[in-house]
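Contents: one structure, followed by commentary.
The values are calculated or read from the model by the stated rules, or taken from the named source; none is laboratory data. Everything quoted here is computed from the prediction, not taken from an experiment. All Cβ positions, even for glycine, are placed from backbone atoms using ideal geometry, and neighbour counts span all protein chains on display. Each accessible area value is taken on the protein alone, full model and side chains, heavy atoms only, with ligands, DNA and RNA left out. Shrake-Rupley method; radii C 1.70, N 1.55, O 1.52, S 1.80 Å.
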Amino acid sequence: MSKLGKYLIFLSKLFTNPEKFRVYWALTMQECKDIGINSMLIVTIVSSFLGAVTCVQTAANMENPFVPKYIISLIVRDSTILELGPTITCVVLAGKIGSNIAGQLGTMRITEQIDALEVMGINSPSYLVLPKMIAAMLTFPMLVTMACFLGIYGGYLAGWLTGSVTQQSYIYGLQFDFKPNYVLFALIKSVVFGFLVASIAAFQGFYTKGGAYEVGKASTAAVTNACIAILIADYLLAQLLVG
């Protein structure tokens with residue numbers, strides 16, 4: 001409970017004594033590049049193969065001839081948009097981005113760069129962490145949107161190349177009984193997950209004490225805690241928005 005309280009106090013410091021808008025704009029754009037553009041490759045690989053595997057395994061388990069083939073793409077579509085796209089992508093990003101943020105801030109803490117900022121009268125949590133959080137909440141929905149598209153397209157390619165489902169059946173299944181609110185649900189999840197990953201990783205790195213070994217421990221704790229927070233938030237959001 002004490003750590004939770006410290007985390008909430010840390011979040012409140014982000015909005016006290018802020019810097020000028022142009023300072024945050026420049027920092028946020030740089031963080032968007034580091035978080036978003038530099039993560040596109042890993043998101044592309046993971047999401048494409050997740051969609052392909054989902055399609056192939058679904059087709060392999062549908063031996064009943066009375067079940068239409070377009071059900072394969074329907075399952076790929078819904079599982080990708082609802083779960084695989086936002087949740088798995090954000091778990092992967094928690095490992096990449098969370099460890100990077102925690103390691104960066106942890107190194108700044110042990111080298112006394114954060115102390116130097118505070119001596120100069122700069123609100124270090126707001127200056128260092130707020131741009132990362134804003135950038136994560138902006139870029140995570142974009143990455144999740146790309147992941148959902150590539151997951152569905154990866155399933156299309158896998159079904160076509162293996163002969164599991166025809167192109168016409170796959171496209172028909174994508175359009176069959178489509179619920180647009182699923183896309184909104186995925187975007188809401190990605191914004192929440194982006195906030196959790198950036199804030200938890202920054203919290204772990206900001207309060208690092210010791211040396212290089214402690215920075216490594218902070219990075220590991222950031223990834224672990226962010227993944228747990230994502231899974232808990234995933235369940236709560238599913239109950240609130242879908243259930």
Qualifying residue in region 68-87 (condition: out of contact with any helix residue (DSSP H, G or I) (no Cβ under 7 Å at 6 or more places or on another chain) and farther than 21 Å from ALA147 by Cα): yes
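Answer yes if at least one residue in region 72-79 is part of a helix (DSSP H, G or I), of a type in the set (Ser, Thr, Tyr) and either free of Cβ contacts under 8 Å to residues at least 40 places away in the same chain or crowded, with 18+ Cβ neighbours inside 10 Å (or both), and no otherwise. Working first, answer last.
Going through region 72-79, the residues part of a helix (DSSP H, G or I) turn out to be 72-79.
Filter once more, so that each one left must be of a type in the set (Ser, Thr, Tyr): 73, 79.
Cutting the leftovers down to either free of Cβ contacts under 8 Å to residues at least 40 places away in the same chain or crowded, with 18+ Cβ neighbours inside 10 Å (or both) gives us 73, 79.
The answer is yes; a qualifying residue exists.
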Matching option when the condition is open to solvent by 60 Å² or more (accessible area, probe 1.4 Å), within 17 Å of PHE49 (Cα to Cα) and out of contact with any strand residue (DSSP E or B) (no Cβ under 6 Å at 6 or more places or on another chain), among TYR153, TYR127: TYR153
Region 92-113: number of residues that are open to solvent by 50 Å² or more (accessible area, probe 1.4 Å) and assigned to a helix (DSSP H, G or I): 6
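Condition (residue is farther than 13 Å from ASN100 by Cα and assigned to a helix (DSSP H, G or I)) applied to region 197-211: is it met by at least one residue?
Narrowing region 197-211 to residues farther than 13 Å from ASN100 by Cα: 207-211.
Adding the requirement that they be assigned to a helix (DSSP H, G or I) leaves none.
Checking region 197-211: not a single residue is farther than 13 Å from ASN100 by Cα and assigned to a helix (DSSP H, G or I).
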Those residues of region 138-178 which are in contact (Cβ under 8 Å) with a residue 40 or more places away in the chain and not in a helix (DSSP H, G or I), in sequence order: SER164, VAL165, THR166, PHE176, ASP177, PHE178
